[in-house]
1. Pairs only if they're at least six apart or on different chains, beta carbon under 6 angstrom, first in region 29-43 and closer than 13 Å to SER102 by Cβ and of a type in the set (S, T, N, Q), second in a loop (DSSP other than H, G, I, E, B) and open to solvent by 30 Å² or more (accessible area, probe 1.4 Å); list them, first residue then second.
2. Restricting to region 38-89, what's the tally of residues that are within 18 Å of ARG108 (Cβ to Cβ), in a helix (DSSP H, G or I) and acidic (Asp, Glu)?
3. Name every residue in region 73-110 that is within 19 Å of SER25 (Cβ to Cβ), of a type outside the set (A, V, I, L, M) and more than 12 Å from the chain's Cα centre (by Cα), in order of residue number.
4. What is the residue count in region 4-36 for residues that are aromatic (Phe, Trp, Tyr) and closer than 12 Å to VAL120 by Cβ?
5. Take the conditions modelled with pLDDT of 95 or more and among the aliphatic types (A, V, I, L, M) and apply them to ALA97. Does it pass?
6. Suppose we filter SER123, SER85 for residues that are at positive phi, touching a residue at least 60 places away in the same chain (Cβ under 8 Å), open to solvent by 40 Å² or more (accessible area, probe 1.4 Å) and not β-branched (Val, Ile, Thr); which single one remains?
7. Restricting to region 93-115, count the residues that are buried (at least 17 other Cβ atoms within 10 Å of the Cβ) and in a loop (DSSP other than H, G, I, E, B).
8. Test of understanding: among THR78, THR69, which residue is open to solvent by 40 Å² or more (accessible area, probe 1.4 Å), of a type in the set (Val, Ile, Thr) and free of Cβ contacts under 8 Å to residues at least 60 places away in the same chain?
Amino acid sequence: QVQLVESGGGLVQAGGSLRLSCAASGRTFSSYAMGWFRQAPGKERDIVAAINWSGGITYYAESVKGRFTISRDNAANTVYLQMNSLKPEDTAVYYCAARAYSNLAFSRYEYNYWGQGTQVTVSS
């Protein structure tokens, strides 16, 4: 069982930055691929970024490429999402997810554990 707790969300002006953190419990964190998803009101929960077990392979949704960076610290059982040049359309609840396999995946249905979410609001 893995428990995930996100932090770092908040209100920021367009063009600003935020860094989300996701702290994981459990001794097997380093073997899990991790992902960040987001869900805006009335929309589907979509992938933002994903990272494999070692951090050597990453994936980004087209809408955030060049602005967001996913990283992980296996010693600290934590995954991060650095978000720069934020836009109003980035406003959503952001969720951290863990996948009980080492390779990353793009669909929310391939992730086994979820955090409670953290709100990110970008004002224009």
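The values are calculated or read from the model by the stated rules, or taken from the named source; none is laboratory data. What you are looking at is a predicted structure, and each value in this text was computed from that prediction instead of being measured. All Cβ positions, even for glycine, are placed from backbone atoms using ideal geometry, and neighbour counts span all protein chains on display. These accessible areas exclude ligands, DNA and RNA; they are computed on the full protein's heavy atoms, side chains included. Shrake-Rupley method; radii C 1.70, N 1.55, O 1.52, S 1.80 Å.
1. From region 29-43, the pairs are SER30/ASN74; SER31/TRP53; SER31/SER102.
2. Matching residues across region 38-89 total 1.
3. The answer is ASP73, ASN74, ASN77, ARG99, TYR101, SER102.
4. Selection size over region 4-36: 1.
5. For ALA97, the condition - modelled with pLDDT of 95 or more and among the aliphatic types (A, V, I, L, M) - is met.
6. Exactly one residue qualifies, and that residue is SER85.
7. Residues meeting the conditions: 4.
8. THR69
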